[in-house]
Amino acid sequence: MRDYRLLIFDWDGTLVDSIGRIVESMRVAAEAGGLPWRDDAAIKGIIGLGLPEAIATLYPEIEDVRGIEIFRRRYGEHYSALESRPSPLFEGVAESLEAFRSQGYQLAVATGKSRRGLDHVLAGRGWLDYFEATRCADETASKPDPCMLHEILAHCRVAPDQALMVGDSAFDLRMAHRARMTSVAVGYGALPLSELLKESPSLAIERFEELRHWLDGDRSRQVLEVERYV
């Protein structure tokens, strides 16, 4: 077991159960713009990208920047309204994050959200100062570019081999690999583990607290270390 010092988490689908709201907001924005709906699998497949990149992937027929910005604004307005009541944390997240903090880990967030969007949901939880560092897609490169991870590592003064990235999308795992970091796939978010295992994560979990057990070195509990499953 490495001596990890920094734990970096994706937000949507990893810490909070917000995937349904993202899907709904994408469809509301599409309908308002007279665009066809995309199915759940297509929308879940772009979660993790920055919003402009996600829109361009789902709707390549929107060829101008203004069209993407209009879609983005409609999406953001609907999603913000839904978040007037914050999306719930996944089971085990609150307790595990507190345990990680008490054990001396630095915690960070790397997300495809905008800075405004992340600050909005963090404020809704009273978590604006909870994490050591946060990076958003509109203030650096979108996933899977490793730039946001490099910036978090520099801010926290931690080497790549002392950090791990936890996420529910292929973009999270590719970003971690490009930053030469340990990656952890979670199978309860946007994509199933069957898809995420294709990205060769170091660990795959179906419940958030399994990460805590793994970091604690508790091998008496079921933890999906990938070399046992691929």
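The values are calculated or read from the model by the stated rules, or taken from the named source; none is laboratory data. Remember, predicted model here, so these are calculated numbers, not experimental data. In this analysis, Cβ positions are derived from the backbone assuming ideal geometry, glycine residues included, and neighbour counts consider all displayed protein chains. Each accessible area value is taken on the protein alone, full model and side chains, heavy atoms only, with ligands, DNA and RNA left out. Shrake-Rupley method; radii C 1.70, N 1.55, O 1.52, S 1.80 Å.
Overview of values
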{"quantity": "Within region 9-90, helices (runs of 4 or more DSSP H) holding 2 or more residues that are over 19 Å from the mean Cα position of the chain (by Cα) and among the aliphatic types (A, V, I, L, M)", "calculated": "19-32, 65-82"}
{"quantity": "Within region 63-87, tally of residues that are buried (at least 18 other Cβ atoms within 10 Å of the Cβ) and free of Cβ contacts under 8 Å to residues at least 12 places away in the same chain", "calculated": "0"}
{"quantity": "Scope region 8-21; condition surrounded by 23 or more Cβ atoms within 10 Å (Cβ to Cβ) and not aromatic (Phe, Trp, Tyr); matching residues", "calculated": "Ile8, Asp10, Asp12, Gly13, Thr14, Leu15, Ser18"}
{"quantity": "Residue within region 147-158 that is within 21 Å of Ile46 (Cα to Cα) and open to solvent by 20 Å² or more (accessible area, probe 1.4 Å) present", "calculated": "yes"}
{"quantity": "So Tyr75, is it touching a Ser or Thr at 6+ places or on another chain (Cβ under 6 Å) and among the aromatic types (Phe, Trp, Tyr)", "calculated": "yes"}
{"quantity": "The listed residue being part of a loop (DSSP other than H, G, I, E, B) and either of a type outside the set (S, T, N, Q) or in contact with a helix residue (DSSP H, G or I) (Cβ under 7 Å, 6 or more places away or on another chain) (or both), out of Phe100, Phe131", "calculated": "Phe131"}
{"quantity": "Condition broken by Gly117, with the remaining ones in (1) in contact with a Ser or Thr (Cβ under 8 Å, 6 or more places away or on another chain); (2) open to solvent by 40 Å² or more (accessible area, probe 1.4 Å); (3) over 23 Å from Leu215 (Cβ atoms) satisfied", "calculated": "(2)"}
